[in-house]
1. Here are some residues: Asp125, Asp77, Asp144, Asp111. Which one is within 18 Å of Glu701 (Cβ to Cβ), charged (D, E, K, R) and under 16 Å from the mean Cα position of the chain (by Cα)?
2. So which residues in the range 550-582 are acidic (Asp, Glu) and at pLDDT 95 or above, if there are any at all?
3. Of the residues in the range 400-414, how many are touching a residue at least 60 places away in the same chain (Cβ under 8 Å), open to solvent by less than 10 Å² (accessible area, probe 1.4 Å) and either part of a loop (DSSP other than H, G, I, E, B) or out of contact with any Pro (no Cβ under 9 Å at 6 or more places or on another chain) (or both)?
4. Would you check if there is a residue in the range 641-648 being over 23 Å from Leu569 (Cβ atoms), in contact (Cβ under 8 Å) with a residue 12 or more places away in the chain and surrounded by 15 or more Cβ atoms within 10 Å (Cβ to Cβ)?
5. Kindly indicate which of Pro285, Pro290 is in a loop (DSSP other than H, G, I, E, B) and either assigned by the TED database to the domain that holds Gly422 or in contact (Cβ under 8 Å) with a residue 12 or more places away in the chain (or both).
6. When both residues are 6+ apart or on different chains and their Cβ atoms are under 6 Å apart, which pairs have a first residue that lies in the range 595-616 and is of a type in the set (Val, Ile, Thr), and a second that is assigned to a loop (DSSP other than H, G, I, E, B)?
7. Do you know which of the residues in the range 651-688 that are touching an Asp or Glu at 6+ places or on another chain (Cβ under 9 Å) and basic (Lys, Arg) is modelled with the highest pLDDT?
8. Take the residues in the range 364-394 that are more than 20 Å from Ser339 (Cβ to Cβ) and free of Cβ contacts under 8 Å to residues at least 60 places away in the same chain, then tell me which one is most open to solvent (accessible area, probe 1.4 Å).
Amino acid sequence: VALCSFTVTCREVMRRFLLLYATQQGQAKAIAEEICEQAVVHGFSADLHCISESSKYDLKTETAPLVVVVSTTGTGDPPDTARKFVKEIQNQTLPVDFFAHLRYGLLGLGDSEYTYFCNGGKIIDKRLQELGARHFYDTGHADDCVGLELVVEPWIAGLWPALREHFRSSRGQEEISGTAPVASPASSRTDLVKSELLHIESQVELLRFDDSGRKDSEVLKQNAVNSNQSNVLIEDFESSLTRSVPPLSQASLNVPALPPEYLQVHLQESLGQEESQASVTSADPIFQVPISKAVQLTTNDAIKTTLLVELDISKTDFSYQPGDAFSVICPNSDSEVQSLLQRLQLEDKREHYVLLKIKTDTKKKGAALPQHIPARCSLQFIFTWCLEIRAIPKKAFLRALVDYTSDSAEKRRLQELCSKQGAADYSRFVRDACACLLDLLLAFPSCQPPLSLLLEHLPKLQPRPYSCASSSLFHPGKLHFVFNVVEFLSTAPTEVLRKGVCTGWLALLVASVLQPNTYASHEDSRKAVAPKISISPRTANYFHLPNDPSIPIIMVGPGTGIAPFIGFLQHREKLQEQHPDGNFGAVWLFFGCRHKDRDYLFRKELRHFLKHGILTHLKVSFSRDAPVGEEEATAKYVQDNIQLHGQEVVRILLHENGCIYVCGDAKNMAKDVHDALVEIISKEIGVEKLEAMKTLATLKEDKRYLQDIWS
């Protein structure tokens, strides 16, 4: 690796800044670590901490600039690691100049498929400013929907000139006033940062990659040869995961710095001890519970297969209320694990214990053993239960793979995919194609990475969250949940039909006890042994019924989004049985599916709730059936039905203090429902759409517009 035009003045060497990250699944941490590594190259020293490690930093007395990387979880909440920090800075007794001494830059991570995009970062950003802190660098909002790197990479590139200007400005103020550093006016600082961002190519140090240590003249000569060959051969081809076309195939590349390796791995023969899921690390308590029932809710000709699973929690301390969610701890596909071990030539060592140490000569700052890899577990167990082998490899991982690839064409292609110039190809052939490590290793056969590299770069296998679809009053000692068996085409390097990591495993697991096309319980003549799964509770949320049952509620849940509302209705039925003279508010349900006769989930149960007055209004949309009647003709989706009944919905929300709950797909449905609500509020009360949006925001703040959505 050679640095182009890189100079650091003596006065700028190792300028310190505080670097905090708030992470949920490791994205923010990985980005913060990347900033930390790059800082050294640019003449800075980053003091890196998780935002939850409050004993290791003190913002009240911090004089160095602050850089924060914050992810978003749920439907717009800060990650769990930031909850304590947010609670502390939200203290309303803090003076408005509490952080007046603080200068900071913030990078928020989010997904624009969710209504409250990057809200975790926005909450912290807004509050820091309310307490007097000022930006030395503009806030960045990275979108996981289109690729975090599209914002993350230029934001990090612009961070270094912004830090240099901050230190220059602070030094100038010291020389003029002889006092503590004071930041320059925000406008001039922002203008300077923006102008520097426009010239990142010339002002930011770039890493020029030389794949074999040859001199620049030799590289240029080889590029010329490759260019001539490309003109003859590649024009007839389209680009793919393994092949590029001009101009990328002829371009000089700027690639990320090589991440420092830090793990030393030793494989030790095991003594045949049995391993269990209990070895899986979790911050929450884990309960192993048997599956007592499984029912297919859709017909065999439905586009998606939907299953209901009942868990027996009667012998555990696990408790829940309708609207709660829980996590299922799931393994990777056994066939994919075997294929990966075979490709790595480690199949004969799959039962060996993996012993990890930190390399004594590592250059990685703050290197630590991965907490999600338990001690003295077999290679097979780690790849099955601990590592997200389906994870889309980040560019830093691709960059690391380059050095273990012997074929020059394959090496060049991996360089392209992790380079700035190859960003579009990375998005198309890696990210959008859902390529995983196994796909890359099959596509680039000369790539032979060591096990240590995989353990450094593969993230933790995350538990999968599911909504509770029952009430413990209605089903004592039982817990229901509903899911579609996810299937998708992976097109890298060849087209392969894959199932969801968790839903595919669950479908296989319950096959022996599965009851077809009926929700009613009946004895299974096969008397199969009930399989067990491990679950853990999710942190408390607000997706619950109002404490006052007289408050009217509106539920919007197409497809499996109906799951928590079945729990709501079961709970409401039991409450009404216990309090026959009680005052219970109206209950509306907007449900939608493709076909009335194929995937109308809980049809019988909904009719029962409607007949007995538990559910007062049921509005159903069938998106793929031929419309019958005027209402069906105009209500293809749930948002259409909401618009049809806009007057009643607005009355409930704005005049009767009602609540609205939305559960299901974030990508389309949740946005469309939000837009429909804006439309009907604007129309019914005669205000501009912006004012209607503010009204919805107020409902959200008051916990009367609640979402349980996923992408």
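The values are calculated or read from the model by the stated rules, or taken from the named source; none is laboratory data. Predicted, not measured: the structure shown is a model, and the values here were computed from it. All Cβ positions, even for glycine, are placed from backbone atoms using ideal geometry, and neighbour counts span all protein chains on display. SASA here: full protein model, heavy atoms, side chains in, ligands and nucleic acids out. Shrake-Rupley method; radii C 1.70, N 1.55, O 1.52, S 1.80 Å.
1. Working: Asp125 fails: under 16 Å from the mean Cα position of the chain (by Cα); Asp144 fails: within 18 Å of Glu701 (Cβ to Cβ); Asp111 fails: within 18 Å of Glu701 (Cβ to Cβ).
Going through Asp125, Asp77, Asp144, Asp111 in turn, the sole match is Asp77.
2. First, pick out the residues of the range 550-582 that are acidic (Asp, Glu): 573, 577, 581.
Within the range 550-582, Glu573, Glu577 qualify.
3. Here is the first cut: in the range 400-414, the ones touching a residue at least 60 places away in the same chain (Cβ under 8 Å) are 400, 402-403, 408, 410-413.
Then keep just the ones that are open to solvent by less than 10 Å² (accessible area, probe 1.4 Å); that gives 400, 402, 413.
Among the residues that remain, those that are also either part of a loop (DSSP other than H, G, I, E, B) or out of contact with any Pro (no Cβ under 9 Å at 6 or more places or on another chain) (or both) are: 402, 413.
So the count comes out to 2.
4. Step one: of the range 641-648, the residues over 23 Å from Leu569 (Cβ atoms) are 643, 646-647.
Subsequent filtering for residues that are in contact (Cβ under 8 Å) with a residue 12 or more places away in the chain retains 643, 646-647.
Remaining after also requiring surrounded by 15 or more Cβ atoms within 10 Å (Cβ to Cβ): 643, 646.
Yes: one or more hits.
5. Details: Pro290 fails: in a loop (DSSP other than H, G, I, E, B).
The conditions single out Pro285.
6. Hits for this filter: Thr616/Ala586.
7. Arg651
8. Checking each candidate, the answer is Arg376.
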